[in-house]
Amino acid sequence: MVSHRTDPSVTVRALKSAAPYVRLYKGRVFVVKAGGAVFADAAGTRMLIEQIAILHHLGIRVVLVHGGGPQLDEVTRKLGVETRMVQGRRVTDAAAIDATSMVLNGLINTRLLALAHEFGIAAIGLSGVDGGLVKAHRRAPVTLASGEVVDYGMVGDIDGVDASVVTRLLDAGFLPVVSPLSADSSGHLLNINADTVAAAIGGAMDAEKLILCTGAPGILERLDDPHSLISYTDVAGLRRLREEGSLSDGMLPKSSAIETAIRGGVRRVHVISYASPDALLAEIFTNEGTGTLVVADTKALTPAEQGAK
């Protein structure tokens, strides 16, 4: 009998290379945020959850925060509800908040829980409303640079996060899967940008990493050039990019969320592409990574991180 076996040395080398990172991150909190565009593709969704499952089984305390913009657009269109985005943020009127709850808390959250079950993860779905996780108030009307006054409707700004809600789930061995829908003190539902919620949870939990999974390869120096990927930058560099107009649309709330996370105590923020195979694992378990690393000050990066990036 002739048997054909793959070379086990490749797997062994990969394990040896990852071992230092596993020791470093075991028991630490990672907040992973995935936008709704990830879930438009079944294969891409499965690939992301599979990578999160590996982190979970290695002992990393993962919190998954999800959005659902494209799915919400589709549902509101069918309901005849107009969708309006201002500076990357969704205007949510009373007619749209019910659809938001249905899509985020129902359709997407439940599907993610089912997929997590396939990979042997005991996952629990919750929103900012559950256990008073996210405390928020309705956003006041905003005056744009053009002079237009925009009322975002049932959109919230965060007052605080009760980290103990998530910590208790992590301590019990669960993977929390969080929808960003929240409520004010009067019980009115509020839609909050998922990047903003992920950053607030990361800061409240003193997370080691906040990882934003996006459609772009990372943060680009030039919007029209996918090869202008910025390997690493800091808060000052992020502000410069915003002032120069290199950040627009959905990247604007992301940049604000990144600053909030770092100010709140998150040590590393990563912006990666959900479409790049195994991007999440490569970003965590290699110095080279795949996307953009953002820190408080690049001078604090190790020589290995600066050299590889």
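One table, with the values for the structure above:
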item: So ALA37, is it over 17 Å from the mean Cα position of the chain (by Cα), part of a helix (DSSP H, G or I) and of a type in the set (A, V, I, L, M); result: no
item: Top-ranked residue in segment 130-155 [being in contact with a Ser or Thr (Cβ under 6 Å, 6 or more places away or on another chain) and closer than 16 Å to ASP184 by Cα; ranked as most open to solvent (accessible area, probe 1.4 Å)]; result: MET154
item: Matching strands (runs of 3 or more DSSP E) fully within segment 46-106 where at least 1 residues are β-branched (Val, Ile, Thr) and touching a helix residue (DSSP H, G or I) at 6+ places or on another chain (Cβ under 7 Å); result: 61-66
item: Residue list for segment 23-34, restricted to those being over 12 Å from the mean Cα position of the chain (by Cα) and open to solvent by less than 40 Å² (accessible area, probe 1.4 Å); result: TYR25, VAL29
item: Given (1) in a loop (DSSP other than H, G, I, E, B); (2) over 18 Å from TYR25 (Cα atoms); (3) in contact with an Asp or Glu (Cβ under 9 Å, 6 or more places away or on another chain); (4) open to solvent by less than 50 Å² (accessible area, probe 1.4 Å), number of the condition ALA275 does not satisfy; result: (4)
item: Within segment 169-209, considering residues that are part of a helix (DSSP H, G or I) and over 30 Å from ASP151 (Cα atoms), the one most open to solvent (accessible area, probe 1.4 Å); result: ASP171
item: Selection within segment 252-267 - in contact with a helix residue (DSSP H, G or I) (Cβ under 9 Å, 6 or more places away or on another chain) and touching a residue at least 40 places away in the same chain (Cβ under 8 Å); result: LEU252, PRO253, LYS254, SER256, ALA257, ILE258, THR260, ALA261, ARG263, GLY264, GLY265, VAL266
item: Qualifying residue in segment 159-168 (condition: in a helix (DSSP H, G or I) and either exposed (fewer than 15 other Cβ atoms within 10 Å of the Cβ) or in contact with a Phe, Trp or Tyr (Cβ under 8 Å, 6 or more places away or on another chain) (or both)); result: yes
item: Failed item, numbered, when ARG240 is tested on (1) open to solvent by 40 Å² or more (accessible area, probe 1.4 Å); (2) out of contact with any strand residue (DSSP E or B) (no Cβ under 9 Å at 6 or more places or on another chain); (3) more than 30 Å from ILE97 (Cα to Cα); result: (2)
item: In segment 91-118, the residues that are open to solvent by less than 40 Å² (accessible area, probe 1.4 Å) and without any contact (Cβ under 8 Å) to a residue 24 or more places away in the chain; result: GLY106
item: Odd one out for ILE121 among (1) in a helix (DSSP H, G or I); (2) open to solvent by less than 20 Å² (accessible area, probe 1.4 Å); (3) within 20 Å of ILE52 (Cα to Cα); result: (1)
item: Residue pairs meeting the criteria (Cβ under 6 Å; at least 6 apart or on separate chains; first closer than 14 Å to THR100 by Cβ and open to solvent by less than 30 Å² (accessible area, probe 1.4 Å), in segment 66-86; second at pLDDT below 80 and among the aliphatic types (A, V, I, L, M)); result: VAL81/ALA95
item: Residues that are open to solvent by less than 10 Å² (accessible area, probe 1.4 Å) and either assigned to a loop (DSSP other than H, G, I, E, B) or of a type in the set (Phe, Trp, Tyr) (or both), drawn from segment 210-227; result: GLY218, ILE219
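The values are calculated or read from the model by the stated rules, or taken from the named source; none is laboratory data. Since this is a predicted model, take the numbers as computed values, not measurements. Here the Cβ is made from the backbone with ideal geometry for all residues, glycine too, and neighbour counts use every protein chain on show. Protein only, heavy atoms only, side chains kept; ligands, DNA and RNA dropped before computing areas. Shrake-Rupley method; radii C 1.70, N 1.55, O 1.52, S 1.80 Å.
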